[in-house]
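The structure under discussion appears below in the form of structure tokens.
The values are calculated or read from the model by the stated rules, or taken from the named source; none is laboratory data. The structure displayed is predicted, hence computed values, not measured ones. Only protein heavy atoms, including side chains, enter the accessible area calculation; ligands, DNA and RNA are left aside. Shrake-Rupley method; radii C 1.70, N 1.55, O 1.52, S 1.80 Å.
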Amino acid sequence: YNGVFSHSSNLEDWLQEISTKFLLRVVDINGKKGFRPLVPINNDYTIKTTTITAVFGFTEEHILPDGFEIEYIPLSERKPICVLAMWRQQPTNDIGVIRTTEVRVTGEATNGPFEQYDLSEFCTGENHAVKVGAYYVARRKSITHTLRITVRPDAFNSTLVLGDIVRVKLRRETISSEVTFHDYFYEVERIRKNISGVIELDLIHFPVDSQNRSLVALA
């Protein structure tokens with residue numbers, strides 16, 4: 001973060017606002033505020049572009065009756081975009097110059113629509129700006145739905161935290177002779193426990209390819 005703090009603000013609000021622009025999310029870890037990456041990472045903190053393993057898997061045995069609620073993202077919100085990522089070229093002994101880098105999938109959104117993200121307050125490297133832009137472009141292109149599941153308290157993995165990757169695999173019987181599966185990876189967005197002990201999880205689609213590699217990380 002290469003910037004100046006010129007006015008006071010609520011720390012929690014500021015962390016929530018700034019974290020995504022560093023490919024991070026704010027989480028509570030053992031009662032303390034912390035960050036977790038928005039994309040999978042390797043032990044050396046580079047972006048992981050190899051196979052992803054879910055930390056927990058949910059099946060029919062875990063989910064309560066009527067405990068499955070899926071919501072698809074409208075196609076109008078999934079149209080390809082070009083991100084205009086603004087950053088600051090900062091000479092050592094001179095005033096910074098604002099630059100804008102266009103980030104898009106090759107051959108898509110060549111004439112827009114455009115979405116602008118101003119990182120110039122703190123970002124002084126084009127590589128940083130490009131990665132943030134690629135994150136927004138890839139999420140919009142690849143994420144198709146969200147999911148809310150209600151699970152039995154005795155089946156819930158109590159070690160799950162926000163940002164964990166889980167797998168939901170449920171049997172589907174559309175006709176008597178055909179069996180398919182709802183089988184997707186998800187990122188944990190919210191965990192709520194009600195008075196009866198039932199756990200409600202809000203999940204967002206975590207898109208992977210045939211090798212279970214994160215499409216957003218690959219982008």
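Would you mind telling me which residue in T159, T50, T101 has the biggest mean-square fluctuation in a Gaussian network model of the chain, where springs connect alpha carbons within a distance under 10 angstrom?
T159
Provide, in order from the shortest bin, the percent of all Cα-Cα pairs of segment 32-73 in each 5 Å bin, continuing until the bin that contains the maximum pair distance.
The distribution over segment 32-73 is 5, 13, 15, 15, 16, 17, 14, 4, 1, given as percents.
Give the aspartates and glutamates reachable from K48 as a straight Cα distance under 16 Å; neighbours fewer than 8 places away on the same chain don't count.
Within the straight-line limit of under 16 Å, K48 reaches these aspartates and glutamates: D164, E187, D209.
Heavy atoms only, probe 1.4 Å: what % of the accessible area of the chain goes to carbon and sulfur, would you let me know?
50 percent
Explain nothing, just the number: relative contact order of the chain, from Cα pairs under 8 Å at least 6 residues apart, as a whole percent.
23 percent
Quote to one decimal, in nm, the extra length available between D183 and E17 on full extension: 0.36 nm per residue of separation minus the C-alpha distance between them.
56.5 nm
Where is the GNM fluctuation largest for the chain (alpha-carbon springs, 10 angstrom cutoff): K141, K21, K32?
Of the options given, K32 has the highest mean-square fluctuation.
In Å³ and rounded to a whole number, note down the convex hull volume per residue for the Cα atoms of segment 93-219. Working shown, then result.
Details: hull volume 26.0 nm³, N = 127.
Taking only Cα atoms, segment 93-219 has a hull volume of 205 Å³ per residue.
Nearest 10 degrees, 0 to 90: what angle lies between the long axis of helix 126-142 and the longest principal axis of the chain (Cα atoms)?
For helix 126-142, the angle is close to 30 degrees.
Could you list which residues have their amide H under 5 Å from that of L64, counting only those 5 or more apart in sequence or on another chain, with H placed in the peptide plane?
Under 5 Å from the amide H of L64: T150, V151, R152.
Note down the Stokes-Einstein diffusion coefficient of segment 51-130 in µm²/s, whole number, using a Kirkwood radius over alpha carbon pairs, 37 °C, and 0.692 mPa s.
The estimated diffusion coefficient comes to 198 µm²/s.
Using a Gaussian network model on the chain with a 10 Å cutoff between Cα atoms, which of R171, R25, R152 fluctuates the most?
Among R171, R25, R152, the largest mean-square fluctuation in the Gaussian network model of the chain belongs to R171.
Find the relative contact order for segment 1-95 and round it to a whole percent, using C-alpha pairs within less than 8 Å whose residues are 6+ positions apart.
11 percent
Using a 1.4 Å probe and ignoring any ligands, DNA or RNA, find the accessible area of T180 and quote it in Å² to the nearest 10.
50 Å²
Given the pairs K32/K169; K33/K131; K79/K131; K32/K79, which span a C-alpha to C-alpha distance of over 29 angstrom in this model?
Values: K32/K169 32 Å; K33/K131 24 Å; K79/K131 20 Å; K32/K79 38 Å.
Cα-Cα > 29 Å for K32/K169; K32/K79; rest within.
How large is log10 of I(q)/I(0) for the chain at q = 0.11, 0.12 Å⁻¹ when the intensity is taken from the Debye formula with one equal scatterer per alpha-carbon?
Summing over Cα pairs of the chain leads to -0.66, -0.78.
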